[in-house]
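A.B. asks: I'd like to ask you about the structure that follows.
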Amino acid sequence: MSQVFKVKVNGQHELTVDASQGNTLLEALEQAGLEPHYHCRNGFCGACRVQLTAGDVTYINDPLAFIRPGDCLACCCVPASDIEINQ
Amino acid sequence: MSYSTFNKNQINPLKEPMFFGNSVNVARYDQQKHSVFEKLIEKQISFFWRPEEVDVSRDRVDFQALTESEKHIFISNLKYQTLLDSVQGRSPNIALLPIVSIPELETWIETWSFFETIHSRSYTHILRNLFTDPSEVFEDIVINEEIQKRANDISKYYDDLIFYTQLWQTHGEGEWEVDGAKHIVNMRELKKKLFLCINSVNALEAVRFYVSFACTFAFAERDLMEGNSKIIRLIARDENLHLVSTQQIINLWQYGQDDPEMKEIAEELREEALQIFMNAVEQEKQWAHYLFRNGSMIGLNEEMLCQYVEYIANMRMEAIGFDAPFKQRSNPLPWMNKYLVSDNVQVAPQEAEITSYLVGQIDSEVSASDLGDFEL
């Protein structure tokens, strides 16, 4: 199954992320020049929290920060489908 | 009611709320109600460090070369952080251990407080290096008005919870008179005090450290006081973890994943919790004003610091379900991030890249092919 998914950011930017490459959503956003928020890049500070308005993500590292419904932590997840996020 | 260090009743910790249930008896972690606290313990312990491992000897030379206003900024921040960690090194233990009801959270609280004591010891390590006799700096912490203003807000919710818990544990629920003042003690009141206390601690861990962190890292950006900055990076990494734990507690309550009464209280006291946070933000801005009253430092001024406080506060408040109250959505001090990335934290001078100690690490998986070219 293809691991290449579309990520729509703030309803405007659209980027393509290959989840099999091991890059996190945060890294994908950075590569697209979107300057996402981050601190620890390790799933425990919660600074990279973004709203996940459509689609699903998979966590490649177990996050320690509480993930409120409708949010995801960009530093430790990859898309599991086409997704839409607000940051 | 009265606290027992080993509750003899058979209890099922999986059915206990985080606080104000039966007191914990067996410290067991094979089954967990909220497994995140066990993960936090593991993470925190993997972060173990000792202040003495960080060489701060060059800082003394750097410090002598700072301007008077820069010295004021540097020392005042250390005083404030010393206050914060003095409180945090004891208060979670004293306030929360008597009322905690699940073993993984009990052990997290102890681990958390222990790390705050490492922070306290590291301030002495830094100051002993800068001054032959650092007493004057420490003594000023209980005299300095600016620090006193903050100390009151930081400790009052803890003190209130501790006092009411003591009344409850010695006298039970009811109306009690102590030193001429009447106190109504019932479970609802106790839980309200707990809720406000955790919100106050959360605000402390969320924003109160960041003005001083920013100043420290601004010095480091100029290659000044680098030993101090290495220590503060380790402290910042720990504080992030502590913050996550208070955010977890607040969210577990809000989403009804723990004590249902705490969910009601979270809704009832939402405005008060918001006010606690906003007061902390306001106090930090005033602190920035106090720091820069004699002049600013290269790369940082009062306005930028206040913007950073707002930026951080937005992020932290959204994490516990408040709307971001400030306009500052972009990071005004982008260089801060490189000091806050956990993978860049230098644990010891010779270890530039690893995040955590791996003590006694042994590769226990050996296959026959690993010995393939081994001949007798």
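Residues checked against (1) in contact with a strand residue (DSSP E or B) (Cβ under 8 Å, 6 or more places away or on another chain); (2) at pLDDT below 95; (3) closer than 19 Å to B:Glu239 by Cα:
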residue	(1), (2), (3)
B:Gln275	no, no, no
B:Gln286	no, no, no
B:Asn294	no, yes, no
B:Tyr308	no, no, yes
B:Asn314	no, no, yes
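A.B. asks: For A:Leu64, indicate whether it is out of contact with any strand residue (DSSP E or B) (no Cβ under 6 Å at 6 or more places or on another chain), under 28 Å from B:Glu42 (Cα atoms) and surrounded by 15 or more Cβ atoms within 10 Å (Cβ to Cβ).
C.D. replies: In short, yes.
A.B. asks: Which residue out of B:Ile250, B:Ile198 is within 14 Å of chain A (Cβ to nearest Cβ) and more than 22 Å from A:Cys48 (Cα to Cα)?
C.D. replies: Exactly one residue qualifies, and that residue is B:Ile198.
A.B. asks: Here are the criteria: (1) open to solvent by 40 Å² or more (accessible area, probe 1.4 Å); (2) within 20 Å of B:Asn202 (Cα to Cα); (3) hydrophobic (A, V, I, L, M, F, W, C). Tell me which single one B:Ile298 does not satisfy.
C.D. replies: The number of the failed condition is (2).
A.B. asks: Okay, next question. Which members of segment B:127-162 meet the condition of being touching a Phe, Trp or Tyr at 6+ places or on another chain (Cβ under 6 Å) and open to solvent by 30 Å² or more (accessible area, probe 1.4 Å)?
C.D. replies: B:Glu146
A.B. asks: Tell me, which residue of segment B:106-126 that is among the hydroxyl-bearing types (Ser, Thr, Tyr) and open to solvent by 10 Å² or more (accessible area, probe 1.4 Å) is farthest from B:Asp85 (Cα to Cα)?
C.D. replies: Among those residues, the one meeting the criterion is B:Thr107.
A.B. asks: From B:Val61, B:Val87, which residue is within 25 Å of B:Glu284 (Cβ to Cβ), open to solvent by 10 Å² or more (accessible area, probe 1.4 Å) and part of a helix (DSSP H, G or I)?
C.D. replies: Of B:Val61, B:Val87, the one residue that is within 25 Å of B:Glu284 (Cβ to Cβ), open to solvent by 10 Å² or more (accessible area, probe 1.4 Å) and part of a helix (DSSP H, G or I) is B:Val87.
A.B. asks: Next up: Name every residue in segment B:13-39 that is surrounded by fewer than 12 Cβ atoms within 10 Å (Cβ to Cβ) and not in a loop (DSSP other than H, G, I, E, B), in order of residue number.
C.D. replies: Answer for segment B:13-39, where residues must be surrounded by fewer than 12 Cβ atoms within 10 Å (Cβ to Cβ) and not in a loop (DSSP other than H, G, I, E, B): B:Leu14, B:Lys15.
A.B. asks: A follow-up question, please. Do we have B:Gln275 as within 14 Å of chain A (Cβ to nearest Cβ) and either open to solvent by 20 Å² or more (accessible area, probe 1.4 Å) or more than 17 Å from B:Tyr210 (Cβ to Cβ) (or both) here?
C.D. replies: In short, no.
A.B. asks: Return yes or no: is B:Phe47 within 14 Å of chain A (Cβ to nearest Cβ) and either surrounded by 20 or more Cβ atoms within 10 Å (Cβ to Cβ) or closer than 19 Å to B:Leu241 by Cβ (or both)?
C.D. replies: Spelling it out, B:Phe47 is indeed within 14 Å of chain A (Cβ to nearest Cβ) and either surrounded by 20 or more Cβ atoms within 10 Å (Cβ to Cβ) or closer than 19 Å to B:Leu241 by Cβ (or both).
A.B. asks: Taking the options B:Thr170, B:Thr165, name whichever one is open to solvent by 20 Å² or more (accessible area, probe 1.4 Å), at pLDDT 95 or above and within 30 Å of B:Phe19 (Cβ to Cβ).
C.D. replies: Only one candidate passes the filter, namely B:Thr170.
A.B. asks: Still on this model: From the list B:Arg237, B:Arg222, which one is out of contact with any helix residue (DSSP H, G or I) (no Cβ under 9 Å at 6 or more places or on another chain), among the charged types (D, E, K, R) and within 24 Å of B:Gln307 (Cα to Cα)?
C.D. replies: B:Arg222 is the lone residue from the list that is out of contact with any helix residue (DSSP H, G or I) (no Cβ under 9 Å at 6 or more places or on another chain), among the charged types (D, E, K, R) and within 24 Å of B:Gln307 (Cα to Cα).
A.B. asks: Here are some residues: B:Tyr210, B:Tyr255. Which one is open to solvent by less than 40 Å² (accessible area, probe 1.4 Å), within 14 Å of chain A (Cβ to nearest Cβ), among the aromatic types (Phe, Trp, Tyr) and under 20 Å from B:Met317 (Cα atoms)?
C.D. replies: The conditions single out B:Tyr210.
A.B. asks: Would you mention how many residues in segment B:303-332 are surrounded by fewer than 16 Cβ atoms within 10 Å (Cβ to Cβ) and charged (D, E, K, R)?
C.D. replies: Result for segment B:303-332: 4.
A.B. asks: Looking at (1) within 17 Å of B:Asn337 (Cβ to Cβ); (2) of a type in the set (Gly, Ala, Ser); (3) within 10 Å of the chain's Cα centre (by Cα), find the lone condition where A:Ala28 falls short.
C.D. replies: A:Ala28 satisfies all of (1) within 17 Å of B:Asn337 (Cβ to Cβ); (2) of a type in the set (Gly, Ala, Ser); (3) within 10 Å of the chain's Cα centre (by Cα) except (1).
A.B. asks: Select, from B:Ala218, B:Ala181, the only residue that is within 23 Å of the chain's Cα centre (by Cα) and of a type in the set (Gly, Ala, Ser).
C.D. replies: B:Ala218
The values are calculated or read from the model by the stated rules, or taken from the named source; none is laboratory data. Predicted model only: the values in this text are computed from it and were never measured. No Cβ is skipped: glycine too gets one built from the backbone with ideal geometry, and neighbour counts run over all protein chains shown. Areas reflect the complete protein model, heavy atoms only, side chains present, ligands, DNA and RNA absent. Shrake-Rupley method; radii C 1.70, N 1.55, O 1.52, S 1.80 Å.
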